[in-house]
Amino acid sequence: MAHKTIVEDGIDVLVVGAGLGGTGAAWEARFWGKDKKIVIAEKANIDRSGAVAQGLYAINCYMGTRWGENKPEDHVRYARIDLMGMVREDLLFDMARHVDSTVHQFEEWGLPIMKDPKTGRYLREGRWQIMIHGESYKPIVAEAAKKSADKVFNRICVTHLLMDDGKKNRVAGAVGFNVRTGDYHVFKAKTVICGAGGASNIFKPRSVGEGSGRTWYAPWSSASAYGLMIDAGAKMTQMENRIVLARFKDGYGPVGAYFLHLKTYTQNCLGEEYESKWFPALQQMVGKEYLDPEASHLTHRPIPTCLRNHCIISEVNAGRGPIHMVTMRAFQDPHLEEVGWENFLGMTIGQAVLWASTDVDPKNENPELTTSEPYVMGSHATGSGAWCSGPEDVSPPEYFWGYNRMTTIEGLFGAGDAVGGTPHAFSSGSFTEGRLAAKAACKYIDDGKAEGIVVSDGQINRRKKEIYKPLEHYKTYRNAIVAGDVNPHYINPKQGLDRLQKLMDEYCGGVTVNYMTNEKLLNIGLKKLAIMEEDLEKLAAEDNHELLRAWELKHRHRAAECVTQHTLFRKETRWPGYYYRGDAMKVDDANWHVLTVSRRDPESGEYTMEKAPCYHLVAEGE
Amino acid sequence: MPTFVYMTRCDGCGHCVDICPSDIMHIDKTYRRAYNIEPSMCWECYSCVKACPQHAIDVRGYADFAPLGHSVRVHRDEEKGTIAWRIKFRNGTEKNFLSPITTKPWGTAIPKLADVPGPSREMRDSQLLYGEPKDIRLDDGGLHTLQSAGLKLKKGVYY
């Protein structure tokens, strides 16, 4: 099968994936690199791609330092407690001190931000959240990125990073294919900013059949950020920190505005408050440092997200489900009712579709809540991603190797889901991380660090052969059978995805096993993942669209493997409610108050695991 | 489905194919009209619905939990800068919502950074980003640093 090769050479900054992280990177890169060649490679269409494609009703990370509402260190402390102590506080502080400037730019660009009529300030949904009319959030930031980039390549599925053949562990660009034309695209670049997405669909979803696309996180977030970086040999951190979301049942509609702005609350099937009764036992598991409801009440320190999940899961297991969100009172107020509905229409329309189809009007009926399947990502209430350098004025030596947000691969930077240890970045924080990475990437080039990159034809040709193998495999074996999808020589991407989801669900703590796993299960999971990798060599793709799904599956598989390795390594249950290690149910601060770091050797496929120190930000004299 | 395309309204223009984040809107070769080739990878994000000039695309809720007989229609008007929603419940209840999508005309409010003055050496060496420090607090206040906040990073401490 002949595929045209299209080479884009001489790129200074290549942005892979243009969601909120990638658009921020492309936008900012032009300021620091006036004469630099900035190119975007995006899997979909930059105008509607990434997790914010359908819109967003709130910006969940805004300090409000202009009004003295919060300081960056307040946000660090919040994210620390929410993630049970395990965050990169240097990166968080850095993001938080810049994020307001990003949000102010958004407003200048035309993003409608709601105002409090009494104070004139941005209307707060919660301490960190402000409310927006964000249906066109993505097209707005896409316009900014397009204005800065030299070229935007839409519909390019980036499959691999290119590595420098002249110098070990240095990036040299990326390769992929055009999902429309099938052309092979080679991007030779001095630096790469990985803004690709985290992982939905690596665990079996609660939805089935036609509905299996109704996941909380976008089904097109195919773990490419992790697949690309792990395969290239980048160190990863906190990959065990998968997230489970408490959401409206089936539609996965957001609950943030409901809890925070509409002041709704939850109850069990008997109409009782249930959360607090699980706290004493939970406190035994996690320690008073992490769960102290009395102190929380006094200091307004929030109950960590995962622990609130634990209460829902425990109450349902005790037979007192379903959990209901009490909306009936709030929705009697027409203004609050409108906020409740627009909250969905601005970001999770599927929930509005569900309520319309089931005649659930939250004004007359309290809707059900549920917990989702797990996801792996780095920007919501979880912090999986690459082990990155921090800023020079904040980071200690273990966290600093010269260029902000640079991974352990030279010239490879991260933003958004790609960066580990920076939870609660959300959309504005991801865009800000992209900006920070872009400045550092330009500095890296100006410092002469990207000189003399060599990309051999051998590497380019090898990747090309690898990329199109599923198409070849299909062509070779499709006539071995009469018709249909059952073939002894291959599996298709959907069949492979089903296997991955079942395996991860059952062995790595998915929804059908109540998020429970242990060492034995994880080891079996790793064995099955290894065997699955052999079958991935026999994936068959009928057309370019299936080829896209094939590579998404390969990225998901690699991320899943890394998640399983990390979950095995951390011998404690750090985040009850996200997952449980049945053989180590307690938080073990003596041994595990550390960040976990992994590296997969690109040649051997072996993982090396290590513990990295956890530095906490404290006031002078504390 | 979840999205589907009305046979008599679609003219095969391909706007939905161009915009779908999941690459599932394709043109049927026989009828030369668009359709959803992989409903199980559809997020009901409505990107295609909003982009369709013929209003030919609609959504039917996921078959595993959504009964028939409902609709959520949308009209996104770039010129007016608004988006209008009409939700019809199975039992006939109807709700209408209208929201702004932008406060500025498209293509006018975002500067080209290639045209703004470049950064000084001093700015390059600092921790500042474009537009900062002013854009952070919208006053003359500087960037937060550990020193300015009276903070330090303490290794291995939990509190």
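The values are calculated or read from the model by the stated rules, or taken from the named source; none is laboratory data. Just so it is clear, the model here is predicted, and its values are computed rather than measured. Heads up, the Cβs are rebuilt from the backbone with ideal geometry, glycines too, and the neighbour counts pull from every protein chain shown. We work out accessible area using only protein heavy atoms, side chains counted, and drop any ligands, DNA or RNA first. Shrake-Rupley method; radii C 1.70, N 1.55, O 1.52, S 1.80 Å.
List of remarks:
- For the range B:8-159, accessible area per residue (1.4 Å probe, heavy atoms of protein chains only), Å²: 51
- Ratio Rg/Rh [Cα only; Rh per Kirkwood] for chain B: 1.19
- Volume of the convex hull of chain A (Cα atoms only), normalised per residue: 153 Å³.
- Cα-based Rg / Dmax (Å) for the range A:1-152: 17.8, 66
- For chain A, the per residue solvent-accessible surface stands at 31 Å², with DNA, RNA and ligands left out and a 1.4 Å probe.
- Remark: the A:Glu466-A:Asp35 segment gains 151.7 nm on full extension, using 0.36 nm per residue and subtracting the alpha carbon distance.
- Taking a ≥ b ≥ c as the square roots of the eigenvalues of the alpha carbon gyration tensor, the range A:198-298 is oblate, as a/c is not under 1.5 and a/b does not beat b/c.
- Distance (nanometres) between label positions extended 7 Å along Cα→Cβ at A:Asp601 and A:Glu542: 4.1
- Using a probe of 1.4 Å, the accessible surface attributed to B:Phe89 totals some 10 Å² when neighbouring protein chains are kept in position.
- Surface composition of the range A:253-338: carbon plus sulfur atoms hold 56% of the accessible area, using a 1.4 angstrom probe and ignoring ligands, DNA and RNA.
- Phi angles across the range A:158-174 convert, under the Karplus curve 6.51 cos²θ - 1.76 cosθ + 1.60 with θ = phi - 60°, into 3J(HN,Hα) values of 7, 9, 9, 8, 8, 10, 5, 7, x, 9, 5, 6, 10, 7, 9, x, 7 Hz, Gly and Pro given as x.
- Computed from the C-beta positions of A:Glu108 and A:Glu610 and an R0 of 51 Å, the FRET efficiency is 0.70 to the nearest 0.05.
- Measuring nothing but how far apart in sequence close Cα pairs (under 8 Å, 6+ apart) lie, relative to its length, chain A scores a relative contact order of 21 percent.
- The A and B chains share an interface that buries close to 9100 Å² of accessible area, total over both sides, probe 1.4 Å.
- Expressed as a whole percent, the accessible area of the range A:57-175 that falls on carbon and sulfur atoms is 45 (1.4 Å probe).
- 3J(HN,Hα) from dihedral phi, the range A:106-112, Karplus parametrisation 6.51/-1.76/1.60, rounded to Hz, x for glycine, proline: 3, 5, 4, 7, x, 5, x
- Computed over the Cα atoms of the range A:359-503, pair by distinct pair, the Kirkwood hydrodynamic radius stands at 20.0 angstrom.
- Förster-model FRET efficiency, 51 Å R0, A:Glu289 and B:Thr8, C-beta, rounded to 0.05: 0.20
- The protein assembly as shown, helix-only ellipticity at 222 nm - DSSP H runs n ≥ 4, -39,500 (n - 2.57), divided by all residues, nearest 500: -9500 deg cm²/dmol
- Cysteines (scope chain B) whose Cβ has no counterpart Cys Cβ under 4.7 Å: B:Cys10, B:Cys13, B:Cys20, B:Cys42, B:Cys45, B:Cys52
- With the simple spin-label model, which puts each label point 7 Å out from Cα in the Cβ direction, the B:Thr103 to A:Trp401 separation comes to 4.3 nm.
- For the range A:384-423, a drop of 20 Å² or more in accessible area on going from the chain alone to the assembled protein chains (1.4 Å probe) is found at A:Glu392, A:Asp393, A:Val394.
- Counting protein heavy atoms only, the range A:388-437 has 59 percent of its accessible area on carbon and sulfur, 1.4 angstrom probe.
- Unsatisfied cross-links (Cα-Cα over 22 Å) in the set A:Lys190/A:Lys439; A:Lys37/A:Lys449; A:Lys115/B:Lys104; A:Lys249/B:Lys88; A:Lys34/A:Lys71; A:Lys439/B:Lys155: A:Lys34/A:Lys71; A:Lys439/B:Lys155
- Computed on the Cα atoms alone, the convex hull of the range A:491-622 gives a volume of 148 cubic angstrom per residue.
- Shown for the range A:115-141: residues covered by the partner protein chains by 40 Å² or more of accessible area relative to the chain by itself (probe radius 1.4 Å), namely A:His133, A:Glu135, A:Ser136.
- Cut-off under 5 Å, modelled amide H: who pairs with A:His185 long-range: A:Ile6, A:Gly176, A:Phe177, A:Asn178
- Basic side chains Lys and Arg get +1 at the Cβ, acidic Asp and Glu get -1 at the Cβ, and with that the dipole of the range A:1-146 about its Cα centre reaches some 160 debye.
- Taking amide H positions as modeled 1.01 Å from N, with prolines and chain starts lacking one, the residues under 5 Å from A:Thr408 and 5 or more places away or on another chain are A:Lys235, A:Trp387.
- Minimum 50 Å² accessible area buried by the other protein chains, the range B:131-148 residues, probe 1.4 Å, relative to alone: B:Asp135, B:Ile136, B:Leu138, B:His144, B:Leu146
- Remark: accessible surface ordering of B:Lys88, A:Lys263, A:Lys288, A:Lys204 (largest first) is A:Lys263, A:Lys288, B:Lys88, A:Lys204, probe radius 1.4 Å.
- Under 13 Å from B:Lys95, Cα to Cα: aspartates and glutamates that are on another chain or at least 8 residues apart: A:Glu337, A:Glu338, A:Glu342, A:Asp359, A:Asp361
- Long-range HN-HN contacts of A:Leu595 with modeled amide H, under 5 Å: A:Ala612, A:Cys614
- For the range A:492-497, the Karplus equation 6.51 cos²θ - 1.76 cosθ + 1.60, evaluated at θ = phi - 60°, returns couplings of 9, x, 5, 5, x, 5 Hz by residue, with Gly and Pro reported as x.
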